[in-house]
Amino acid sequence: MIDAFFDRLRIPDSCRLDKPLFKKLFLDNAELKAADKKALSEDVSGIRWRYTLKPSSINISAFTDEERDYGEVAILSVDLSSANRVKRLAAFMQQAIPYPLLLVFQHEGKVALSVADKRINQADSSKIVVEERWLSPWFDPAAPTEIEAAFLEAVTLSKLPATNFYALYQGLQAQVIAFIAAERTGQFQAASAKVAPMHRAALRKIDGLEREISELRNALKRESQMARKISLNSEIKSRKDVIVQLEAELTGASQ
């Protein structure tokens, strides 16, 4: 199934690497917690470095400034025996590899994509800082829904900006974020430079509100006083109302 996804990207063969990557790379290049090591050991059944996009293999320029180094873009596939800890895996894998990176996770015939904003650590230029990570919904690229088919069309390499690798990666990331938004709005349109920041902001707010709701629900389970229960339920409802408003904003931005 993962080959169906790569076929959709239409990456030139000149960029193909297709070599196995060993788990030791992440053990050596990331500060892994015990839970990270457990997820890597138990959930990952294989990793391959599929493609490297660089000026010598594709007609796109490198981009470098004081904050960012987009000299190339790496594309890796990760086969999972379990998807329960995919967010944890995406987090430390993005941290371990300094290049702008597309991670393509595969599990039970479906794939999910991880992208991340990275910048140079100003205190230590040999290190990178991962500013923001995004993980797409799971989908079957061989039998996509209407929304998934529209997303796959939007991430075809020829449809992404080709000014330089920073522009290309930002364009790819914008489509992944629009795909995440589509899970809530029920529609997907290729994200423009104008709507991408709106998608980001609304989804960040929704994520924060959902975490607050989870915390409030846990507090509600422990609470015994009726007055406090009523107050907690009111706080939960107010946050749900804001989420509905934000989802309406996402729908408007996607039209």
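For LYS221, give me every one of the lysines with a C-alpha distance below 24 angstrom, ignoring sequence neighbours fewer than eight places off in its own chain.
Candidates past the 8-residue exclusion: LYS229, LYS237, LYS240.
Show me the three semi-axes of the equivalent ellipsoid for the stretch 1-85, from the C-alpha gyration tensor (sqrt of 5 times each eigenvalue), largest first, rounded to whole Å.
27, 19, 10
Just the number please: accessible area per residue for the stretch 1-58, 1.4 Å probe, all protein chains included, in Å². Mind dumping the intermediate values first?
On the way: 3500 Å² over 58 residues.
In whole numbers, the stretch 1-58 has 60 Å² accessible per residue.
For the chain, what is the percent of antiparallel DSSP beta bridges, rounded to the nearest 5?
Working: 26 of 33 bridges.
Percentage antiparallel, nearest 5: 80.
What relative contact order, as a whole-number percentage, does the chain give when Cα pairs under 8 Å and 6 or more residues apart are counted? Could the numbers behind the result be given before it?
Values: 405 pairs, mean separation 39.3, N = 255.
Rounded, it is 15 percent for the chain.
Could you count how many Lys pairs in the stretch 1-160 have their Cα atoms under 19 Å apart, skipping same-chain pairs fewer than 8 positions apart?
Taking the Cα cut-off of 19 Å, the pair count is 18.
Treating the stretch 93-159 as a set of equal point scatterers at the Cα positions, no solvent, please give the Debye-formula log₁₀ I(q)/I(0) at q = 0.12, 0.23 Å⁻¹.
With one equal scatterer per Cα and no solvent, log10 I(q)/I(0) is -0.41, -1.00.
Determine one quarter of the surface area of the Cα convex hull of the chain, which equals its mean projected area, and express it in nm² to one decimal. Don't jump to the answer; show the numbers that get you there.
Values: hull surface 62.5 nm².
Mean shadow area of the hull around the Cα atoms is 15.6 nm².
Looking only at Cα atoms, what is the convex hull volume of the stretch 67-213 per residue, in Å³?
On the way: hull volume 18.8 nm³, N = 147.
Residue-normalised Cα hull volume stands at 128 Å³.
Sticking to Cα atoms, compute the Rg of the stretch 193-255 to one decimal and its Dmax as the biggest Cα-Cα distance, whole number, in Å.
In Å, with Rg to one decimal and Dmax whole: 14.7, 50.
When the helices in the chain are scored as -39500 (n - 2.57) per DSSP H run of 4 or longer and the sum is shared across all residues, what 222 nm value do you end up with, to the nearest 500 deg cm²/dmol? Mind showing how you got there, number by number?
Details: 8 runs with 121 residues, N = 255.
Using -39500 (n - 2.57) per qualifying helix, the result is -15500 deg cm²/dmol.
In the stretch 105-175, carbon and sulfur make up what percent of the accessible area (probe 1.4 Å)? Walk me through the intermediate numbers first.
On the way: 1460 of 3030 Å².
Exposed carbon and sulfur together represent 48 percent of the surface.
Find how many whole Å separate the alpha carbon centroid of the stretch 30-108 from the alpha carbon centroid of the stretch 193-225.
Here the two parts' Cα centres lie 27 Å apart.
With a 1.4 Å probe and every protein chain left in place, work out the accessible area per residue of the stretch 123-227 in Å², rounded to a whole number. Present the calculation step by step, with values, prior to reporting the outcome.
Numbers: 5540 Å² over 105 residues.
I get 53 Å² per residue for the stretch 123-227.
Can you pull the percent of the stretch 201-255's accessible area that's carbon plus sulfur, 1.4 Å probe, other chains left in place?
49 percent
What are the ³J(HN,Hα) values, in whole Hz, obtained from phi via the Karplus relation 6.51 cos²θ - 1.76 cosθ + 1.60 with θ = phi - 60°, for each residue of the stretch 234-242 in sequence order, with x given for Gly and Pro?
Result, ordered by residue: 5, 5, 5, 5, 4, 6, 4, 5, 5 Hz.
Given Cα pairs under 8 Å that are at least 6 residues apart, what percent is the relative contact order of the stretch 33-118? If you can, show how the numbers build up before the last one.
Values: 136 pairs, mean separation 24.1, N = 86.
It rounds to 28 percent for the stretch 33-118.
Leaving out ligands, DNA and RNA, what percent of the accessible area of the stretch 31-77 is carbon and sulfur, probe 1.4 Å?
C and S atoms contribute 43 percent here.
The values are calculated or read from the model by the stated rules, or taken from the named source; none is laboratory data. It should be emphasised that the depicted structure is a prediction, and the values quoted were computed from it without experimental measurement. Side chains are part of the model used for accessible areas, which takes the heavy atoms of the whole protein and leaves out ligands, DNA and RNA. Shrake-Rupley method; radii C 1.70, N 1.55, O 1.52, S 1.80 Å.
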